[in-house]
Every structure is written in structure tokens, then in C-alpha cells.
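Peer 1: First the structure, which I've put down as C-alpha cells, then a few questions once you've had a look.
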Amino acid sequence: MTETLSIRDNRTGRDYELAITDGTIRAADLKQIKTGDEDDPGIATYDPGFVNTSSCRSSITYIDGDKGILEYRGYPIEQLAEHSTFLEVAYLLLHGELPTQTQLDEWVHDVTYHTFLHENCKQFIEGFRYDAHPMVMLMASVSALSTFYPEAGDISDPEVRQAQITRLIAKIPTLGAFVFRHQQGKPYVYPDNRLSYTENFLAMLFRMSEPTYQADPRLVQALEVLFILHADHEQNCSTNAVRSVGSSQVDPYSAVAAGVGALYGPLHGGANEAVLRMLNRIKTTDNIPDFIDGVKAGKEKLMGFGHRVYKNYDPRAKIIKKACDDVFEVTGVNPLLKIAQELEKIALEDEYFVKRKLYPNVDFYSGLIYEALEFPPEMFTVLFAIGRTPGWLAQWSELVQDKEQKIARPKQIYTGERTRDFIPMSER
Ligand SMILES: CC(C)(COP(=O)(O)OP(=O)(O)OC[C@H]1O[C@@H](n2cnc3c(N)ncnc32)[C@H](O)[C@@H]1OP(=O)(O)O)[C@@H](O)C(=O)NCCC(=O)NCCS
């Protein structure tokens, strides 16, 4: 039996019955609800920020925000963080199933052998001022990659798509490391194909004159887990940007560059940088009560708290807390941890936060880990972007193969003036 929704239009007294599929009605079905006026386009929905609108059907990531559940292709994030590698998770997101050993070996080999950049990329990066924000350099260089692979525009060919997916996942850590070295005025370090994905990234960031850079395996593991936690998060702002730009059938470099731009914003990927600035500003636990009062009075936000989807503890924040302990075992405890823990304790008990279901999100603790790994705050979002690239590409790939998708083009409610006569300058 089809589920339906009955609607009575009180303007006309007419009744309508709309089909409900998967808990949704089709917005286009509302168009039939008209007043009878010939100019009336029919009822539409108004939904700034898409808080209650599904833009696609997707089988990649499942989130239950009330229960604090996150699953990639049906596998709980906790199990993937414990047992998987980042590239294995990337394969899962892209292909829908965990790889066999042979599939994984092939995938790791392909990614490893595409980590090098065209030498011209270095010149682009060198063109930026030393203090350019790494995210902007990353966004520009990801979109510049499109010029090296003009065939990438043929998005209807599965082999061409796969080649760009491999390239993007392989090259984004190299780009991230190069923008970091540019900022520091240090020579670029080329990829070392003997190392794993994450070891190689750390080597490109931190190697100086030593022939091989050996990162502490506990730090490599912590960063690997952070990449896994960030790998996808269904229709978040940057993924929506990738899908929206990708819906114009542009190449995936241009679509992913749009995702990097969206992620740069402080309400999205920039939040962990903001958390660290906030903790540094609070400075000591004595200053916490005043700070919390300011938040409750609406003067500022408690960064790293609250989420559009999670109205419970963000499951990723729990895993990150554990990774914090592992990292601090190697690096020594970050003194800001105490302030973060105290803030969390107060916020979880305070009525303001409890009533609004504001819990720590993924960014609340990740900044502390990144700082302990000696990343400057402006690099934090670059790490997020590297982790999110497989998710963006899995979503892009799903989009381009989805026959129902159209170019993204929301409606508007026009509130401006109409049909005015031009006023000559002398009469204004
Ligand atoms: C993530 C975020 C943008 C979600 O926003 P949203 O779903 O639009 O939620 P709203 O802004 O409608 O918030 C609902 C209420 O909680 C309050 N609120 C939300 N996040 C808050 C925070 N971090 N600190 C204090 N109050 C907060 C809002 O002021 C609002 O209160 P009101 O009902 O009295 O007006 C928001 O929680 C936020 O800005 N958090 C801080 C930034 C952050 O950590 N981002 C990383 C996300 S992973």
C-alpha cells in the first residue's frame, strides 16, 4: 500500500493526495496546488540552509543524529576507526564494499604511484605570498590540477572518472604538504613511495636533511584515525557544494575545489582552528565561568559544540578523545586539554546547552591533537580536506551516475521591486 499525505488548500477548499516515499514527499508534486490564477506556479517549499530537504538518494553514509550513529556503507565508524586503514575506508566509500586483499593492494599501489605532482604545480604555489592561508592555496591548486588532465571533463566514462579519483586522493596530501612548506619557507619534499599514505604525508611535511623520515607509529595511527573519521559525513555543506557544482557536469577537480572552499568557512571545517583560538583566549580554568556566561548571553559561541545533525554526543568526538590520549603519550599533554575538559564538563551539565542539545562535535578535540602534532592552526582544515576527499569523490561519483539528478538550481521567493522605469542620473 502506498503511503500518502492529504493536503487541503484552504484558499480553494481543494484536496490533494501526495505519495510519501521513504518519509518524503516530492516538492515538485506540490506544484499542482494552485489558486487558479493563471500566473500561479503552484506551491513551493521555503527551506534556507536545506534543514528539511533531501537533495538526493545516497547509499554512502548513514547518520542518526539523535542516537549518535555514523556508518559508512553500513559499517559503524567505531569499527572502521579501530580495524581499518584510511585507504581501505576510501575504497569502501567509493565502491560500496570492503576490498579483498588483492583489491586493496592494487588500490594502495595506484594511489601510491600517483602522489607526484607536475612540476608546474610548484610554481603556482610559489606565486602565493608566504602568509597566504593554506586552504586558499589548496583550493587554487586543486582546481589548477584540472588544467593538467583535460580529459577529466569526460565524466561519463567510468575509467576516466576512476583515474581522476585516484589522482585526487593521491595528490591532495602532496599539495597539502607543499602549501605547508611554502608557508614555512622550506624546500618541498617529494613523495616517498616506500611509505604508507599517512607516513608519506608526515614525511613531506616534516622531513629536513634526514634520508628517510620516521614518524612515531602512534602519531601515524592517530592521524590515520582522524582521516577515517573525517572521510564522509553525508550531505554537509562542502559535500553539498561538491554535488551542486558537480551537477553542472564540470570535471571533479573543479567540483572538489568548491568543496575545499566551503570547508574553509569557520562554521564548517574551520571550527577546530576556532576552538584552539578560543581555548588560548580562555587561557586558565578560572576564566571559564565568565566565558560561559558570555556564551549564554549570546555574545559568542562555544566553538566545537553543537551540530546541525547530531543532537547527541558526536560519535567521532568520542573516538578523538581516545586518540588524544595516544598522541599525548608521545608528545606530552597539551595544557589546553584541561580547559577543554572543564568546558565540556560544565557545558554537559548547564541547562543552556542541555536544553539546546549542544554536545561536543568532532572539532572540539581534533585541534588539540593537530597542535600536539605541531601543525599550525591554519593547517587544521587542510587535514580535514585530505580526509574528506574520498567522501567528496564518492558523493560526486554517485551524483554523476544518478539518473534522477539535475543541475542544482533552487527557487527563490522574490522580495524586490518590480518593473520600474529607469531613472536618469540627473533625477536620482
Ligand atoms: C554547527 C552549527 C553551525 C549548527 O547550527 P544550527 O544547526 O543552525 O543550529 P542553530 O544555530 O539553530 O542553534 C540552535 C540554538 O543553539 C545555539 N547554539 C548552537 N551552537 C552553539 C554553540 N556552539 N554555542 C552556543 N550556542 C549555540 C544557537 O544560538 C541557538 O540558540 P537559540 O535557539 O536560543 O537561538 C552551530 O552549532 C555552531 O555554530 N557551532 C559552533 C561551530 C562549530 O563547532 N562548527 C563545527 C560543526 S562540525
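A quick yes/no check of all residues on (1) under 28 Å from G96 (Cβ atoms); (2) among the hydrophobic types (A, V, I, L, M, F, W, C); (3) within 16 Å of the ligand (Cβ to nearest atom):
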| site | (1), (2), (3) |
| --- | --- |
| E17 | no, no, no |
| I20 | yes, yes, no |
| K31 | no, no, no |
| D40 | no, no, no |
| G65 | yes, no, yes |
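Peer 1: Do you know which residues across the range 319-335 are more than 16 Å from the ligand (Cβ to nearest atom) and among the β-branched types (V, I, T)?
Peer 2: Keep residues of the range 319-335 that are more than 16 Å from the ligand (Cβ to nearest atom), which gives 322-335.
V327, V330, T331, V333 - these are the residues of the range 319-335 that are more than 16 Å from the ligand (Cβ to nearest atom) and among the β-branched types (V, I, T).
Peer 1: Give the residues of the range 1-31 that are in a strand (DSSP E or B) and under 29 Å from the mean Cα position of the chain (by Cα), sorted by residue number.
Peer 2: Step one: list which residues in the range 1-31 are in a strand (DSSP E or B), which gives 3-9, 14-21, 24.
Correct list: T21, T24.
Peer 1: For the list (1) at pLDDT below 90; (2) within 23 Å of K67 (Cα to Cα); (3) within 14 Å of the ligand (Cβ to nearest atom), I need the number of the one condition that K357 fails.
Peer 2: Of (1) at pLDDT below 90; (2) within 23 Å of K67 (Cα to Cα); (3) within 14 Å of the ligand (Cβ to nearest atom), only one is false for K357: (1).
Peer 1: Out of (1) touching a Ser or Thr at 6+ places or on another chain (Cβ under 9 Å); (2) more than 14 Å from A231 (Cβ to Cβ); (3) not in a loop (DSSP other than H, G, I, E, B), what's the single condition that is false for K34?
Peer 2: Unmet for K34, out of (1) touching a Ser or Thr at 6+ places or on another chain (Cβ under 9 Å); (2) more than 14 Å from A231 (Cβ to Cβ); (3) not in a loop (DSSP other than H, G, I, E, B): (3).
Peer 1: Now for a different question. Could you tell me whether N272 is near the ligand (Cβ under 9 Å from one of its atoms) and either without any contact (Cβ under 8 Å) to a residue 40 or more places away in the chain or among the polar types (S, T, N, Q) (or both)?
Peer 2: Working: near the ligand (Cβ under 9 Å from one of its atoms): yes; either without any contact (Cβ under 8 Å) to a residue 40 or more places away in the chain or among the polar types (S, T, N, Q) (or both): yes.
Yes; evaluated as a whole, the condition is true for this residue.
Peer 1: Please find, within the range 109-136, the residue that is nearest to the chain's Cα centre (by Cα) out of those that are buried (at least 18 other Cβ atoms within 10 Å of the Cβ) and part of a helix (DSSP H, G or I).
Peer 2: M135
Peer 1: Quickly run through the range 293-319 and pick out the residues that are of a type in the set (A, V, I, L, M) and assigned to a loop (DSSP other than H, G, I, E, B).
Peer 2: Initial filter on the range 293-319 (of a type in the set (A, V, I, L, M)): 295, 297, 302-303, 309, 317, 319.
If the condition is that a residue be of a type in the set (A, V, I, L, M) and assigned to a loop (DSSP other than H, G, I, E, B), then A297, L302, M303, V309 are the ones that fit.
Peer 1: While we're here: Every residue in the range 275-292 that is more than 30 Å from M139 (Cα to Cα) and within 12 Å of the ligand (Cβ to nearest atom), please.
Peer 2: In the first step, residues of the range 275-292 are kept if they are more than 30 Å from M139 (Cα to Cα); the result is 282-292.
Of everything in the range 275-292, those that are more than 30 Å from M139 (Cα to Cα) and within 12 Å of the ligand (Cβ to nearest atom) turn out to be F291, I292.
Each row is one residue, and each column tells you yes or no for (1) surrounded by 11 or more Cβ atoms within 10 Å (Cβ to Cβ); (2) modelled with pLDDT under 95; (3) over 27 Å from R167 (Cβ atoms).
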{"site": "S6", "(1), (2), (3)": "no, no, yes"}
{"site": "A27", "(1), (2), (3)": "yes, no, yes"}
{"site": "Y72", "(1), (2), (3)": "yes, no, no"}
{"site": "H95", "(1), (2), (3)": "yes, no, no"}
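Peer 1: Go through the range 296-318 and give me each residue that's modelled with pLDDT of 90 or more, more than 9 Å from the ligand (Cβ to nearest atom) and small (G, A, S).
Peer 2: Hit for the range 296-318 is A297, nothing else.
The values are calculated or read from the model by the stated rules, or taken from the named source; none is laboratory data. Computed from a predicted model, the values in this text were never measured in an experiment. Please note: Cβ atoms are built from the backbone with ideal geometry, for glycine as well, and neighbour counts cover all protein chains shown.
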